[in-house]
Amino acid sequence: MLQRLDELKQNAFRELEVINDLSNLESWRVRYLGRKSELTNILRGLAELSLEERKSAGALANHIKNELDSLLNQKTESLKAEFQKQVLRSDESLAARGDITLPGRPIPMGRLHPITETLHEICDIFVSLGFQIMESNDAELDYYNFEALNIPEEHPARDDMSTFWLDYEDERGKRPMLLRTHTTSVSARCVATMKPPIRVIEPGRVYRYEATDATHLTMFHQLDGLAVDKGITMADLKGTFYEFARRFYGDGRRVRFRPDYFPFVEPGVEVAVECALCKGSGCRLCGNSGWIEIGGAGMTHPKVLERGGIDPNEYTSFAFGFGIDRIPMLRYGINDMRLFFGSDLRFLRQF
Amino acid sequence: MKVSFNWLKQYVDVKLSAAEIAGRLTMAGIEVKSSQVIGADWAGIIVGQITAVNPHPNADRLTLVTLELGDRQETVVCGAPNVAVGAKVVYAPVGSKLIDGHTGESAILKPAKIRGVASNGMACSEKELGISESHEGILLLPSDIAIGTSLTELLGDVIFSIEVTPNRPDCLSMIGLAREIAALTGESLYLPEAKYAESGTSIKDHVTVEIDDPDLCPRYCASLITGIKIAESPEWLKERLVSYGMRPINNIVDITNFVMLEYGQPLHSFDYEKIEGKGIIVRRAKSGEKITSLDGIERALSRDMLVIADKERAVAVAGIMGGANSEVSENTSSILLESASFKPASIHHTGHALGMPSEACVRFERGISVELTIPALKRATQLIAELGGEHVAKGIIDVYPGKLERKSIKLSTADVKRVVGLEYSIEQITSSLTAVGFECQADKGSSSVSAKAPYWRTDINIPVDVIEEVARIIGYEQIPTTLLAQPIPKQNPFLITALKRRVRNIMVGYGFQELVSFSLTNLEILTKLSPGSRKPESLPVHIANPASSEQEYLRPTLRADLLSALSSNKAYIEEGLRLFELGKVYLAKEGNLPDEPEMLCGVLYGRRLEGWWQGGSESMDFFDAKGMVEGLLEQIGITAKFEKSDDESLHPANQSVVIAGGKRIVLVGELHPSVSEHFEIPSRVYLFEIDLPSLLPLIKQKTYHTIPKFPATIRDIALVVDIGVNYQQVLDIIRTFSLVTDVALFDVYAGEQVPAGKKSLAYRLIFQTPDRTLTDQQVNGVQQAILKKLKSELGASLRG
Ligand SMILES: [Zn+2]
């Protein structure tokens, strides 16, 4: 019995040495360690032996089994490693895969329009400051675009906002409907329909009757904002705008507030940021002023609040508005606004 | 408005530079858009006197001019025809920066020999100095100017380009701006003193004035000057007008213009002899009344326009323009000078109706002060008396039916803080208001002030107007920055706003380029959407005053712009193109604002993937478009059922629609070949359109189902059905069996192996329940029931 075990061991060792793939290794395992192998049989038959024989043969058989098990593991590991090396070698030999600088399989690339991206970016900042996005009609009533904003029919401010009128006359022969000339019309609607406290922003398309050139189009985009509450001051307006500018333009850009006039605010403010090109020292881009005007703002005129049913003695309010299209123009150095509204992919695919 | 810095300095002491003044004005709300420095490069250029003119030895048209410059003499070669001994001219030494008279470019004057004779500097023309375009001869100066005077001192100036906001008509004048500068710098203001001698009888013996309509004309003042000699204006007067950009005409017209620029009050001069009946009536125009304006054009007037009339006819359109019938001419000997006040809205309306926005009109319509009439009238009368007239009749006419008392506005430090957010002391408040001309009354120790605006400030009406003045004069830069401290108001965000962003992101993920196109369009392009080139049945929203025939209507669809975009990007057909726009369309509602639903429209053509070095890919087709739509709908939580559709712009066989609430909310299809042709697109185009607001009620909230613990049973069935039976009908029946948790179509076949008029549809069915493993027997039972129902309802049989 002991001799037979030794023979078994010698055979197994010899055969294992010449095995060089995993499938031969598997049949070797079946042959020497499988459920029907001689070794297993011997181990299974130990009980029938005398105590003396059981002790010596049992110890040897178990020892051989452990030895073969560990050899099997070693051989498996080394064969697997060898196999992987081969796979890598054969992959490398494929001519095409050798040039890893070849272009990848293209996927269709979608892009948002630069104006959409700008609007999203700006809206996100104001939303995080507690402003809710409001949207309303492009075609608007004269009342919300002008009257409610303290711009009566003969106000000279109307001349600065040449208006497209819808082709409809009421019984008095007046045209009551127009294409909004500013998104401030949405503020007028908010004042009329919402109850304070109010904190809203209003992005959208606006329209002006203008001769078209590189910086003037009959349609462009604006974003207005409005906050109504008890105790709102110009300092809050300034702080809100500064915070917006800090996040949108970055920490270093200075912001300037100076008096300006809009019929629907008092006091009125023009907001400018430091010119990015010359850092405030003056250049052609900023007309030598060092500042780029980005929008108008102010404390909502008491009459505007009153018209909307909000008591100006109880509430104060600030309002602001700015043009959107100029922002990507300045950011990317685009000199012709018409490119935005065309379909030239050579332009649009740059963003 | 162009404003000469030199002119401003006539009215206010200025110690700051032009640039500093421009900065102060801008920061106080009077924006100096730009400053043009006249004579920035004039260092070393001085006045000289010609002492000798000698012929040039080598050129007939040139002369050698000797100049006395005070400390030295120089001889220059000169080509100008107007050189004469004794003339005072401008001498520029070598090294001066001048404008080349021929090229118009700026250049440094170099030492030169002209035709063999050295020229040490030159005598300059106006063009060479950059003053004007005149280059016919050298600039000749008045003889009283001292030799050696620097040109900068003589003619140097800074011309500000100032944008005055509509609320500050008082600043449309030199004195108004000077007042601001005085307030901002604390310097003294000097106003002209209008002193002149009167003679003869009272003006009231010569002319009467009646105001018929005091609402439109609250005040009318006039003076009468006789012995008029019409002549050219003196240099100083012409210079002032030119600095503003006005053309000098004659002494009388120039004086009225000058005083308008100086005070901001428009004036008008009538030829007194031409006033019929020697009576002025300010009245509304009669219906059908006409007047020929100074420019020779006959203008039809209407009842809502105000005219200045004599006893017979209208002689001027009030505040807008004079009439030819009373115009001052070379033969005029007496002038009736008008200084009046008109209702701004009326002037605005009339100016626009007649298409005559004049300098006067701009000032009147913004509401200049009623009290400005007298000082301006007296100033102009004085200048006319000095420069063109002999006698001024005694007194003035002053009809003033619309007299208004200026009210005081009470203001406390708390009021100011409530708006500005910063506490100013009562002293700060009163001193800033006093600086801009307010009369302030504050009791000692009181925290409030009673402020009365100066007469020229017609824009101050309510406390917040006064508060702005305080903040403006102290400076906005003093205002602190704070973030809103109030709690964030309750938000009710619009669902559509979030949906739009979601859909845009999905489209970008599907490889679409977003476009933004104009909302305004035209019928011609919309007509292209019809295969038979028919005009739209109902007209889109029409603009009454379109800027061009290309932008006459609000777009009722996004299709036209996207198809035009495909057409203009034919270069991309090979690699394939996917474009979308998400925006409003405008649907007319008679007598109401249009509906403006947000629509998504996508178009695609060409290959699914762009060419690659390992080979290209196939062309996209109807099912690419449909797959994208289905994917989009599923992502936003909508189960949609597609039906046959009949949109005329699409291929009759390849289009499908989802209808909800009786509305077509999703449409997908291949573009009709004729429409492709209209847009000159040489390829099949697939298009889809989704009405976003209509989707909102259909969006299902996501729910969680436990992941099944028990295995599913999969069964494939191939059905033979009539060719007219569609996928969805079969699906709807299978879906009625609750044990079937998923169904997928994996084959559609029509051909030899099925009978004619039939087709085969193969479905893979997944059977599953959450609480146990289904037995084969149970699955067989359900499958049989399904087949039975399919047979009875659709005539479907199992494919053998
Ligand atoms: Zn700059």
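The values are calculated or read from the model by the stated rules, or taken from the named source; none is laboratory data. Every value quoted in this text rests on a predicted model; they were computed, and no experiment measured them. So basically every Cβ, Gly included, is an ideal-geometry build from the backbone, and we count neighbours across all protein chains shown. Please note that ligands, DNA and RNA were not included when accessible areas were found on the heavy atoms of the full protein model with its side chains. Shrake-Rupley method; radii C 1.70, N 1.55, O 1.52, S 1.80 Å.
Couple of notes before you dig in:
- Taken residue by residue and averaged, Cβ atoms of other chains lying within 10 Å of the Cβ of B:576-583 number 3.
- The Cα trace of segment B:1-43 gives Rg and Dmax of 10.9, 34 Å, the first to one decimal, the second as a whole number.
- Under the convention that each Lys and Arg Cβ holds +1 and each Asp and Glu Cβ holds -1, the size of the dipole of segment B:460-523 around its Cα centre is about 620 debye.
- Note on the protein assembly as shown: percent of Cα-Cα distances in each 10 Å bin, starting at 0 and stopping at the bin with the largest distance, equals 2, 7, 12, 14, 14, 13, 11, 8, 6, 4, 3, 2, 2, 1, 0, 0, 0.
- Taking trypsin sites (Lys or Arg not before Pro) across segment A:169-250, the ones in a DSSP loop with at most 13 further Cβ atoms lying within 10 angstrom of their Cβ are A:ARG172, A:LYS174, A:LYS230.
- Ordering B:ALA744, B:PRO755, B:ILE786 by the projection of their Cα atoms onto the charge dipole of segment B:713-798, which places +1 on the Cβ of Lys and Arg and -1 on the Cβ of Asp and Glu, puts B:ILE786 at the extreme positive end.
- Given B:LYS290/B:LYS343; B:LYS290/B:LYS589; B:LYS417/B:LYS444; B:LYS644/B:LYS758; B:LYS584/B:LYS759; A:LYS303/B:LYS490, the pairs whose alpha carbons are separated by over 31 Å: B:LYS290/B:LYS589; B:LYS584/B:LYS759
- Estimated at the nearest 10 Å², the accessible area of B:SER674 is 40 Å² with a 1.4 Å probe.
- The trypsin sites (Lys or Arg not before Pro) of segment B:128-212 meeting both criteria, a DSSP state outside H, G, I, E and B (loop) and at most 15 other C-beta atoms within 10 angstrom of the site's C-beta, are B:LYS195.
- Too-long pairs where the Cα-Cα distance tops 28 Å, listed order kept, from B:LYS204/B:LYS238; B:LYS2/B:LYS311; B:LYS2/B:LYS127: B:LYS204/B:LYS238; B:LYS2/B:LYS311
- Sparsely packed loop sites in segment B:695-780 (the trypsin sites (Lys or Arg not before Pro) outside DSSP H, G, I, E and B with at most 13 other Cβ atoms within 10 Å) comprise B:LYS700, B:LYS702, B:LYS709, B:ARG735, B:ARG772.
- Computed with every protein chain present, the accessible area of B:PHE710 is close to 70 Å² [probe 1.4 Å].
- In terms of accessible area, using a 1.4 Å probe and ignoring ligands and nucleic acids, B:GLU327, A:GLU154 rank largest first as B:GLU327, A:GLU154.
- Segment B:123-207 - Debye-derived log10 I(q)/I(0), Cα point model, q = 0.14, 0.23, 0.25 Å⁻¹: -0.89, -1.11, -1.21
- For segment A:1-62 versus segment B:221-236, the inter-centroid distance based on Cα atoms is 136 Å.
- In segment B:395-475, Rg over Rh equals 1.07, where Rg is the alpha-carbon radius of gyration and Rh the Kirkwood radius from pairwise Cα distances.
- The residues neighbouring A:LEU8, those whose beta-carbon lies less than 15 Å from its own, together hold a net charge of +2 under the Lys/Arg +1, Asp/Glu -1 convention.
- Relative contact order [Cα under 8 Å, 6+ residues apart], segment B:46-155, whole percent: 29 percent
- Relative packing of peptides B:247-255, B:343-351 - highest average C-beta neighbours within 10 Å first: B:343-351, B:247-255
- Pairs over the 19 Å Cα-Cα cut-off, from the set B:LYS9/B:LYS88; B:LYS535/B:LYS570; A:LYS9/A:LYS36; A:LYS9/A:LYS80: B:LYS9/B:LYS88; B:LYS535/B:LYS570; A:LYS9/A:LYS80.
- Cα gyration tensor shape for segment A:140-259, rounded if a/c is under 1.5, else prolate or oblate: oblate
- Ellipsoid equivalent to segment A:2-97 - semi-axes via the Cα gyration tensor, in Å: 38, 10, 10
- Of interest is the spacing of the C-alpha centroids, which for segment B:375-441 and segment B:650-668 amounts to 70 Å.
- Whichever aspartates and glutamates have a C-alpha closer than 12 Å to that of B:LYS403, once near sequence neighbours (fewer than 8 apart) are set aside: B:ASP215, B:GLU371
- Note that segment A:161-169 has calculated 3J(HN,Hα) couplings of 10, 4, 10, 8, 10, 6, 7, 8, 10 Hz, one per residue in order, obtained from phi through the Karplus relation 6.51 cos²θ - 1.76 cosθ + 1.60 (θ = phi - 60°); glycine and proline are x.
- Whole-angstrom gap from segment A:227-285 to segment B:14-54, using each part's C-alpha centre: 31 Å
- Relative contact order of segment A:191-265, defined on C-alpha pairs under 8 angstrom at six or more residues apart (%): 25 percent
- Zero-based 10 Å bins, Cα pair distances in segment B:1-153, whole percents: 10, 35, 29, 16, 8, 2, 0
- Rg and Dmax over the alpha-carbon atoms of segment B:713-798 stand at 13.2, 45 Å.
- Estimated 222 nm signal from helices in chain B, with DSSP H stretches of n ≥ 4 weighted -39500 (n - 2.57), rounded to 500: -7500 deg cm²/dmol
- Three-way shape call for segment A:114-348 based on the alpha-carbon gyration tensor, with the a/c threshold at 1.5: oblate
- Shape of segment B:495-698, Cα gyration tensor, a/c cut at 1.5: oblate
- Straight-line cross-link reach from A:LYS55 at under 18 Å between alpha-carbon atoms covers these lysines, not counting any fewer than eight positions away in the same chain: A:LYS65.
- Annotation: average projected area of chain B is 58.6 square nanometres, based on the convex hull of Cα atoms across all directions.
- Check: segment A:2-97 dipole with +1 on Lys, Arg Cβ and -1 on Asp, Glu Cβ, in debye: 200 debye
- Over the C-alpha trace of segment B:203-399, radius of gyration and Dmax come out as 15.3, 45 angstrom.
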